[in-house]
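The values are calculated or read from the model by the stated rules, or taken from the named source; none is laboratory data. What you are looking at is a predicted structure, and each value in this text was computed from that prediction instead of being measured. Positions of Cβ are backbone-derived with ideal geometry, glycine not excepted, and every protein chain shown enters the neighbour counts. For accessibility, only protein heavy atoms count, side chains too; no ligands or nucleic acids. Shrake-Rupley method; radii C 1.70, N 1.55, O 1.52, S 1.80 Å.
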Amino acid sequence: MKIDFRRLLRQPHVTNGTLRNSFDRRTVVLGGIQGGIGLLLATRMTYLSVFENEKYKLEAESNRVNLSLIPPRRGWLLDRNGTPLASNRADFRVDVIPEQMRDAQSTIAELGKLLSLSPIDLQDLQDKIDKSHGFAPVEVASGLDLERFSAVSVRLPDMPGVVTQRGFSRFYPTGPAVGHLIGYVGAASAEEYEKDHDPVLITPGYKVGKDALEKIFEKELRGKPGARRVEVTASGRIVRNLDTREDVPGETIKLTIDAGIQDYAARRIGPESAAVVVMDCNTGDLLAMASMPSYDPNSFSDGIGRLEWKMLSDDDHVPLRNKVLRGLYPPGSTVKPMVALSFMEAGLDPNESVFCGGGLRVGNRVFHCWNHRGHGQVNMAKGIYQSCDVYFYHFAQRIGMDPIAAMAGRLGLGHEFPLPVVGQSYGTVPNPAWKLKKYGKEWQTFDTVNATIGQGYFLVNPLQQAVQASRLASGKIIMPRMIHGQENAPTASLGIPPEHLAYIHQAMSDVANGPGSARHAALPFPDIKLAGKTGTAQVVGLHIGNGKGGLWKHRDHGHFICFAPVEKPRYACAVVCEHGGGSGSAYPIARDVMTYIFDKQKGMDILLELEKKWGGTPKERLDARYRAYSAQYGVGAPAVTPEQVRQAETVPEPRQPIVSDAQSPAPEPDAAAAPAAGASPVPAPGTGLTKPPGGTTP
């Protein structure tokens, strides 16, 4: 049986009035909702159009107008005569911003075609992109001609992340000659940006100082960026330029360096691994600080590639180390004038002599002179100009080490100087208290004997040796300086009696102009005499090698300190030639540098003849070596990291082994005919005796 549930439910009675009332209620509700929504929309529109007007006006404007920073022109570094050592040159360049590139590989490939990049260039570019932080621009190419620059510019809408720039790039006119002195620039790292949130650091094309003066004076050289406003379409095409605010260039810094002397010294070093420092004896102005071999800062500024890094890191002459400041070497016999001053100050009569028969027994050891046949009777002057070791062995035992160390400190050895440099290795001037503190051992007689000829624990850098030469020349506490125009305090006297200095000056003059150890160091001018002192520093014991041949790393270091003119010293010079085989490798460099200072044409004539044998200038030799590496390795060179570059720049000179037996190096090849024991009288300095048939000594 079916049940009709509809009959059980009572149906409401619907009339026309009921229907009308229901419709009216719905209309009111829906109308209220619609009115509320409309009111909210109107309120929101009012808020946006009135209270948020400026915000959205700016956003709309930013869609229409692009604002970009213009990298400031970096301040110039000038030499004392206004010649640029680091300048800027007009440049067409192309950069990429990795995080803005859609397809990095296709973009790089397209840029390679447009810019005619070699496989090595493309590999270096990829390495730089891989190591970069996405927001930082990466240089693709600079110094472009207008044709290649335009070819990239017209394709910019199709290559997001590619930026073209017309601006200025850093330029170092003398290239490798100022690599260690001036430093180089490069794109800011993430760490540098974290320290200094200056937006210019991530502006395409802007670079910061990475080493030496470029780094020390970064704030002064940076300048202030300009800005450019351009109207663009939705796709980014430039419609027109609206406004430009010019950049403010960085400060110009004038140095005491003489660009001509700096370049000459760097070139004159030639294929050797050496350092040359030239100072003004009157003011302390540093005229040259050349460390070679070096790198080309123009190349480093573009970001060093794999091939160039391998070329530099393979070089056992360590081109990435600044030997002027970070090289530490036993000074050898260059300390003998200083030791002689300490003897005189301690009361030793310079005419008191000792017989040199080729060696001296101290305790149970025989300490040899460089001339195993001996020098005969030797007083202080002859001990200096013939560089007799036995003279200093003998009297150092009487005087003791403390007066010698004190005089070394007064002449600048073992000191750091207040210079705008990244770092200095200040070496060691040993004495009994130092050894006890350092090694917990008592000072021994053989330590004094070692130190008195500049061996053993004694370590100095070339800058200290130049300061020593200038103080010996002037008798004043000359302080080196690099910034031109700075007023120095009145120079104080060393407190050394003038007659003591005059005696040392004459003995050092006889080194080059009399019966001395470096007769070929004399200047080619009849009216200008040079005073100097040779030095040869052992690197290994004589049981390993004689220091003149064999492995390059086993050869003796060559030293020479000098000043000129003798009568009225104006210029002081120090040369250190790493593993040059002795002083014979150092004093020709100093002689030619001094020749250039007094007669530029004569100096250049000498240099040009030498460079014909060496294969050209340092830049030409670097380029030739790069081509050879390119042919040998191509794209197969290992990658390089920024950390490797930083480590290579800051590693100091390895400490020299302590040669405790004080056996002096063997004589120079042309010294075999030096006078035998007892063969010559004891001349006073300046006697002008006929030069004996001799040569160079340590």
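Filter the range 281-309 down to residues that are more than 16 Å from Tyr172 (Cβ to Cβ) and either more than 17 Å from the chain's Cα centre (by Cα) or modelled with pLDDT under 90 (or both), then give me how many there are.
Total satisfying the criteria: 9.
Among the residues of the range 172-184, is any under 14 Å from Arg93 (Cβ atoms), open to solvent by 20 Å² or more (accessible area, probe 1.4 Å) and at pLDDT 80 or above?
No, the range 172-184 contains no residue that is under 14 Å from Arg93 (Cβ atoms), open to solvent by 20 Å² or more (accessible area, probe 1.4 Å) and at pLDDT 80 or above.
Could you list, in sequence order, all residues of the range 441-498 that are open to solvent by less than 10 Å² (accessible area, probe 1.4 Å) and aromatic (Phe, Trp, Tyr)?
Correct list: Phe458 only.
Out of everything in the range 208-229 that is surrounded by fewer than 22 Cβ atoms within 10 Å (Cβ to Cβ) and of a type in the set (D, E, K, R), what residue ends up being farthest from Leu419 (Cα to Cα)? Talk me through it step by step, then tell me what you get.
Taking the range 208-229 and keeping what is surrounded by fewer than 22 Cβ atoms within 10 Å (Cβ to Cβ), we get 208, 215-220, 223-229.
Then keep just the ones that are of a type in the set (D, E, K, R); that gives 215, 218-220, 224, 228-229.
On the way: Lys215: 13, Glu218: 15, Lys219: 17, Glu220: 16, Lys224: 26, Arg228: 39, Arg229: 43 Å.
Checking each candidate, the answer is Arg229.
Every residue in the range 610-627 that is more than 21 Å from the chain's Cα centre (by Cα) and open to solvent by 80 Å² or more (accessible area, probe 1.4 Å), please.
Once the filter is applied, which keeps residues that are more than 21 Å from the chain's Cα centre (by Cα) and open to solvent by 80 Å² or more (accessible area, probe 1.4 Å), the range 610-627 yields Lys612, Lys613, Arg627.
Looking at the range 573-584, is at least one residue open to solvent by less than 60 Å² (accessible area, probe 1.4 Å) and assigned to a helix (DSSP H, G or I)? Before you say what the answer is, go through the steps one by one.
Just the residues of the range 573-584 that are open to solvent by less than 60 Å² (accessible area, probe 1.4 Å), to begin with: 573-584.
Those left that are additionally assigned to a helix (DSSP H, G or I): 583-584.
Scanning the range 573-584, I find at least one residue that is open to solvent by less than 60 Å² (accessible area, probe 1.4 Å) and assigned to a helix (DSSP H, G or I), so the answer is yes.
Restricting the search to the range 605-634, which residues are closer than 16 Å to Ser313 by Cα and among the acidic types (Asp, Glu)?
Across the range 605-634, the qualifying residue is only Asp623.
Being at pLDDT below 95, of a type outside the set (Phe, Trp, Tyr), within 24 Å of Ile384 (Cβ to Cβ) and open to solvent by 10 Å² or more (accessible area, probe 1.4 Å) is the requirement here; does Lys548 meet it? Before the answer, list the steps.
Details: at pLDDT below 95: yes; of a type outside the set (Phe, Trp, Tyr): yes; within 24 Å of Ile384 (Cβ to Cβ): yes; open to solvent by 10 Å² or more (accessible area, probe 1.4 Å): yes.
In short, yes.
Would you please name the residue that is nearest to Gly634 (Cα to Cα), looking only at residues in the range 106-125 that are out of contact with any Lys or Arg (no Cβ under 9 Å at 6 or more places or on another chain), open to solvent by 30 Å² or more (accessible area, probe 1.4 Å) and part of a helix (DSSP H, G or I)?
So, considering only residues that are out of contact with any Lys or Arg (no Cβ under 9 Å at 6 or more places or on another chain), open to solvent by 30 Å² or more (accessible area, probe 1.4 Å) and part of a helix (DSSP H, G or I), the one nearest to Gly634 (Cα to Cα) is Pro119.
Taking Val378, is it of a type in the set (Val, Ile, Thr), under 42 Å from the mean Cα position of the chain (by Cα), closer than 25 Å to Ala469 by Cβ and surrounded by 21 or more Cβ atoms within 10 Å (Cβ to Cβ)? Give the steps one after another, and end with the answer.
Working: of a type in the set (Val, Ile, Thr): yes; under 42 Å from the mean Cα position of the chain (by Cα): no; closer than 25 Å to Ala469 by Cβ: yes; surrounded by 21 or more Cβ atoms within 10 Å (Cβ to Cβ): yes.
For Val378, the condition - of a type in the set (Val, Ile, Thr), under 42 Å from the mean Cα position of the chain (by Cα), closer than 25 Å to Ala469 by Cβ and surrounded by 21 or more Cβ atoms within 10 Å (Cβ to Cβ) - is not met.
Does Ser116 satisfy the criteria of being free of Cβ contacts under 8 Å to residues at least 60 places away in the same chain and touching a helix residue (DSSP H, G or I) at 6+ places or on another chain (Cβ under 8 Å)?
Details: free of Cβ contacts under 8 Å to residues at least 60 places away in the same chain: yes; touching a helix residue (DSSP H, G or I) at 6+ places or on another chain (Cβ under 8 Å): yes.
Judged against the criteria, Ser116 is a match.
Counting only residues that are in contact with a Ser or Thr (Cβ under 6 Å, 6 or more places away or on another chain), buried (at least 24 other Cβ atoms within 10 Å of the Cβ) and either outside any helix (DSSP H, G or I) or of a type outside the set (S, T, N, Q) (or both), how many does the range 327-340 have? Give the steps one after another, and end with the answer.
Of all residues in the range 327-340, those in contact with a Ser or Thr (Cβ under 6 Å, 6 or more places away or on another chain) come to 328, 332-333, 339.
Still in the list and also buried (at least 24 other Cβ atoms within 10 Å of the Cβ): 332-333, 339.
Next cut, either outside any helix (DSSP H, G or I) or of a type outside the set (S, T, N, Q) (or both) only: 332, 339.
Total satisfying the criteria: 2.
Tally up the residues in the range 499-530 that are open to solvent by less than 10 Å² (accessible area, probe 1.4 Å), aliphatic (A, V, I, L, M) and either part of a loop (DSSP other than H, G, I, E, B) or in contact with a Cys (Cβ under 6 Å, 6 or more places away or on another chain) (or both), please.
Within the range 499-530, the first condition is being open to solvent by less than 10 Å² (accessible area, probe 1.4 Å), and the residues that meet it are 504, 507-509, 511-512, 514, 516-518, 521, 530.
Adding the requirement that they be aliphatic (A, V, I, L, M) leaves 504, 507-508, 511-512, 518, 521, 530.
Now restrict to residues that are either part of a loop (DSSP other than H, G, I, E, B) or in contact with a Cys (Cβ under 6 Å, 6 or more places away or on another chain) (or both): 518, 530.
Qualifying residue count, the range 499-530: 2.
Which count do you get for residues in the range 257-280 that are surrounded by fewer than 22 Cβ atoms within 10 Å (Cβ to Cβ) and either in a strand (DSSP E or B) or modelled with pLDDT of 95 or more (or both)?
Final tally of qualifying residues: 3.
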